[in-house]
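Comments concern the structure below.
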Amino acid sequence: KLNVKIAVTSEQESAEGGRVIVEVDDKVATVRNIKADSRLDGTWDSREKTVAFSFDYCYWSVDPEDPKYASQEMVFQDLGTSVLSGAFRGYNICLFAYGQTGSGKTYTMMGTPVSYTICFTLRGLFSRKDDYSDQTASCRVKVSFLEIYNERVRDLLKQSDHKKPYTLRVREHPETGPYVQGLSQHLVTDYKQVVELLEEGIAKRITAATHIHNASSRSHAIFTIHYTQAILENNLPSEIASKINLVDLAGSERADPSYCKDRITEGANINKSLVTLGIVISTLAQNSQMFSSCQSINTLTSEGESSHVDSPSTGSVSGTRRPAYIPYRDSILTWLLKDSLGGNSKTIMIATISPASSSYNETMSTLRYASNAKNIINKPRVNEDANVRLIRELREEIDRLKTMLISFELRNSSPSWSDDRDGNLTELVLQNEMKVCMIYMLL
């Protein structure tokens with residue numbers, strides 16, 4: 001899902017006299033390009049160019065008095081419920097905010113103690129946990145919180161060495177994907193514990209004043225919720241595990257010559273990781289579009305063959321095109337978000353923009369990235385116990401074969417042929433039942 005949230009203008013933008021150039025109409029965000037001419041009366045040029053972008057949701061969060069104003073609660077009702085429903089079913093979920101500095105990313109994701117998007121999500125998880133009153137099901141919640149600063153990873157929930165605070169390394173498991181080696185996970189049993197850990201991590205994040213925002217996040221932060229449900233399926237104990245990544249990205253910005261060396265280095269690393277993210281999103285979108293095009297070509301080719309139409313050129317085109325390389329490892333951020341971008345995850349992106357005319361270029365860049373991301377095709381799957389899944393599939397196959405046996409017995413049109421076919425089906429049923437019994441014995 002792709003969503004756009006328009007935030008209130010910053011103090012610097014208001015001081016510069018920036019005009020509002022963004023309008024929202026249902027699910028469409030329209031941006032006007034207004035250019036001032038050099039006339040003495042200081043009026044604005046009447047020539048305007050408008051560009052419209054459509055998304056799943058558009059939120060106007062500029063003026064609380066405006067009838068269109070969207071609160072944090074409204075955003076959560078639209079997006080957070082999708083996160084919760086996916087987690088309950090065992091899918092990995094990623095919710096991340098992308099946009100320029102000062103556009104409201106951190107507020108949208110972490111806000112204030114009563115309006116954390118993260119806390120809204122956890123409140124829903126714990127309310128579900130309280131519903132497990134019977135003994136056949138239970139759940140466990142663990143959380144972790146990391147910061148990516150200057151392309152290095154730090155644990156925000158663990159006391160680190162002040163001399164070497166960034167010592168964690170990113171590894172990649174062949175089945176579960178990228179992970180941070182040594183990152184602490186904290187078992188939480190209630191909502192209050194989560195808020196305490198979240199505030200502890202937020203307090204450790206690195207912020208600094210920039211020309212756009214007085215307390216700009218100088219790092220990317222990923223708050224991960226590991227939600228595990230223990231259930232009884234087919235008389236076997238089983239687990240369904242989901243991972244929820246809630247990501248607050250540092251904002252993109254132009255370098256300012258007045259910055260000190262640390263700010264310039266931070267900005268360069270932030271922009272590097274965000275550029276890599278943009279490249280990954282664009283490449284994934286191109287590959288997804290190419291995949292869709294190849295499917296369309298194959299469909300047309302098969303239809304043409306059935307109609308006796310010879311079309312050799314289309315087959316050669318689809319055969320020579322290969323997916324482009326995805327540079328996930330060019331940055332720590334994209335490496336850790338590999339599953340969330342085109343992998344085993346349901347992903348929701350919130351693009352935050354400023355409505356001020358002074359932020360026109362940054363706004364257009366953010367909306368173009370978001371528009372590209374709409375074309376990415378993820379491959380989410382339920383994270384369940386492999387043995388339980390195999391038993392379920394075998395039992396479904398047994399039921400299907402038994403249905404076929406009954407069907408053949410009812411027909412009984414050719415006794416000799418029917419007996420042979422019945423014998424083969426009966427043998428398949430017995431083989432599958434033996435496989436189920438062997439799995440039970442191994443467990």
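The values are calculated or read from the model by the stated rules, or taken from the named source; none is laboratory data. Just so you know, these numbers come straight off a predicted model, no measurement behind them. Cβ placement follows ideal geometry from the backbone for every residue including glycine, while neighbour counts extend to all protein chains displayed. Just so you know, the surface numbers come from the protein's heavy atoms only, side chains and all, with ligands and any DNA or RNA stripped out. Shrake-Rupley method; radii C 1.70, N 1.55, O 1.52, S 1.80 Å.
Restricted to the range 318-351, and to residues there that are assigned to a loop (DSSP other than H, G, I, E, B) and small (Gly, Ala, Ser), the residue that is surrounded by the fewest Cβ atoms within 10 Å (Cβ to Cβ) is ALA324. Number of residues in the range 209-259 that are in a strand (DSSP E or B), in contact with a helix residue (DSSP H, G or I) (Cβ under 6 Å, 6 or more places away or on another chain) and either closer than 19 Å to MET109 by Cβ or at pLDDT 85 or above (or both): the value is 9.
Among what's in the range 352-366 and is of a type in the set (A, V, I, L, M, F, W, C) and surrounded by 22 or more Cβ atoms within 10 Å (Cβ to Cβ), pick the residue that is farthest from SER54 (Cα to Cα).
Among residues in the range 352-366 that are of a type in the set (A, V, I, L, M, F, W, C) and surrounded by 22 or more Cβ atoms within 10 Å (Cβ to Cβ), the one farthest from SER54 (Cα to Cα) is ALA356.
The set of residues in the range 48-97 being closer than 30 Å to ASN383 by Cα and of a type in the set (A, V, I, L, M) consists of MET74, VAL75, LEU79, VAL83, LEU84, ALA87, ILE93, LEU95, ALA97. Scanning the range 192-206 for residues that are open to solvent by less than 60 Å² (accessible area, probe 1.4 Å) and aliphatic (A, V, I, L, M) yields VAL194, VAL195, LEU197, LEU198, ILE202, ILE206.
The residues of the range 106-116 that are at pLDDT below 75 and surrounded by 23 or more Cβ atoms within 10 Å (Cβ to Cβ), listed by number, are MET110, TYR116.
Answer yes or no: is there a residue in the range 392-405 that is under 24 Å from SER82 (Cα atoms), open to solvent by 40 Å² or more (accessible area, probe 1.4 Å), at pLDDT below 85 and not hydrophobic (A, V, I, L, M, F, W, C). Let's see the steps before the verdict.
Kept after step one, since they are under 24 Å from SER82 (Cα atoms), are these residues of the range 392-405: none.
No, the range 392-405 contains no residue that is under 24 Å from SER82 (Cα atoms), open to solvent by 40 Å² or more (accessible area, probe 1.4 Å), at pLDDT below 85 and not hydrophobic (A, V, I, L, M, F, W, C).
Within the range 37-52, is there a residue that is more than 20 Å from LEU341 (Cα to Cα), surrounded by 18 or more Cβ atoms within 10 Å (Cβ to Cβ) and at pLDDT below 85? No, the range 37-52 contains no residue that is more than 20 Å from LEU341 (Cα to Cα), surrounded by 18 or more Cβ atoms within 10 Å (Cβ to Cβ) and at pLDDT below 85.
When GLY86, GLY90 are screened for being modelled with pLDDT of 85 or more, open to solvent by less than 20 Å² (accessible area, probe 1.4 Å), in a loop (DSSP other than H, G, I, E, B) and in contact with a strand residue (DSSP E or B) (Cβ under 6 Å, 6 or more places away or on another chain), only GLY90 passes.
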